[in-house]
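Okay, so here's the structure we're looking at.
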Amino acid sequence: MNAMNQPDHIPPDHALSSLNQPVEVMRGRHGLERLFGPLPGARHAGVVAYEFELPDSFKPWPGRTLVERTFVLLELGVSFANPCWARHTKPDGTVVDRGAEGSGTWYVDLVTVEQHGDRYIFRDLFIDVVVPMDGRHYRMLDLDEFADAIDDGSLSVEQATDALRRWQRFLDRHLHAERAPVENWIDFPPAAILPLLELRPFDEPVRWNDREI
């Protein structure tokens with residue numbers, strides 16, 4: 001079994017240690033130069049976690065704050081979070097209500113990974129999957145945007161084929177490996193994130209501005 005599925009257990013109040021290396025993260029979208037960060041984070045084995053704070057235009061689920069912790073499986077280039085917010089009012093007044101999804105649902109994104117020492121750059125590669133934890137099946141999103149990026153030349157065939165192979169490995173390893181749908185996911189949320197899931201906040205959170213990005 002892959003060692004990433006057998007993490008060392010770390011008590012909930014454990015601070016960063018030699019097993020949890022402090023890192024900085026920048027995040028953005030493929031094809032765009034602008035990045036958000038640096039954001040405080042930590043690496044444990046093949047997983048990076050980082051945090052940022054959402055603005056007041058987001059309303060959190062009961063019992064949650066507006067600090068969002070995101071995890072990245074470095075080998076696969078897959079990023080995911082259990083969103084802290086239930087409702088978002090966009091700058092144009094549009095309201096996004098996540099009530100039907102439920103507070104236990106996760107969002108998973110295909111990303112590219114760049115490492116520069118202790119700094120990581122993650123760029124969104126369009127394809128997403130919404131993963132409920134209550135027995136409902138997952139919902140794949142934005143395959144059309146991925147295709148558009150190939151059509152307009154901003155995503156090369158080589159980049160696209162690598163991304164799709166990584167995405168399929170994620171689906172097979174963590175959601176389902178059999179042909180027929182199953183009721184429970186194989187390993188999701190991945191066991192490898194547990195040491196980082198239980199850590200206290202990494203640092204003073206950086207606030208995201210939804211009017212600038």
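State yes or no: is S79 touching a residue at least 40 places away in the same chain (Cβ under 8 Å), among the polar types (S, T, N, Q) and surrounded by fewer than 18 Cβ atoms within 10 Å (Cβ to Cβ)?
Details: touching a residue at least 40 places away in the same chain (Cβ under 8 Å): yes; among the polar types (S, T, N, Q): yes; surrounded by fewer than 18 Cβ atoms within 10 Å (Cβ to Cβ): no.
No: the conditions fail for S79.
Among the candidates L194, L164, the residue that is in a helix (DSSP H, G or I) and over 19 Å from V111 (Cβ atoms) is uniquely L194. With a requirement of 1 or more residues that are closer than 19 Å to R207 by Cα and either aromatic (F, W, Y) or touching an Asp or Glu at 6+ places or on another chain (Cβ under 9 Å) (or both), the strands (runs of 3 or more DSSP E) lying completely within the range 43-131 that satisfy it span 47-53, 58-60, 67-73, 78-81, 85-89, 119-131. Scanning the range 164-196 for residues that are at pLDDT 90 or above and among the β-branched types (V, I, T) yields I186, I193.
Spot the failing condition for T112; the list is (1) farther than 20 Å from R34 by Cβ; (2) under 19 Å from the mean Cα position of the chain (by Cα); (3) among the hydroxyl-bearing types (S, T, Y), and only one is missed. All conditions are met except number (1). When we screen L199, L155 for residues that are modelled with pLDDT under 95, in a loop (DSSP other than H, G, I, E, B), surrounded by 15 or more Cβ atoms within 10 Å (Cβ to Cβ) and of a type outside the set (F, W, Y), the only hit is L199. Of all residues in the range 16-35, those that are surrounded by 14 or more Cβ atoms within 10 Å (Cβ to Cβ) and part of a loop (DSSP other than H, G, I, E, B) have Cβ atoms under 8 Å from Cβ atoms of residues that are of a type in the set (V, I, T) and modelled with pLDDT of 95 or more, 6 or more apart or on another chain, in H30/T112; L35/I121. In the range 99-111, the count of residues that are among the aromatic types (F, W, Y) and either modelled with pLDDT of 95 or more or in contact with a Cys (Cβ under 7 Å, 6 or more places away or on another chain) (or both) is one or more.
Take the residues in the range 36-61 that are more than 19 Å from P22 (Cβ to Cβ) and in contact (Cβ under 8 Å) with a residue 12 or more places away in the chain, then tell me which one is surrounded by the fewest Cβ atoms within 10 Å (Cβ to Cβ).
Pass one, the range 36-61, residues more than 19 Å from P22 (Cβ to Cβ): 54-61.
Within this subset, residues satisfying the condition of being in contact (Cβ under 8 Å) with a residue 12 or more places away in the chain are 54-55, 57-61.
On the way: L54: 21, P55: 12, S57: 16, F58: 19, K59: 17, P60: 17, W61: 17.
Result: P55.
Restricted to the range 109-149, and to residues that are under 19 Å from H176 (Cα atoms) and of a type in the set (D, E), which residue is surrounded by the most Cβ atoms within 10 Å (Cβ to Cβ)? The extreme case among them is D109.
The values are calculated or read from the model by the stated rules, or taken from the named source; none is laboratory data. If you're wondering where the values come from, they're calculated on a predicted model, not measured in any experiment. When we count neighbours, we look across all protein chains shown, and the Cβ atoms used for this are built from the backbone with ideal geometry, even at glycine.
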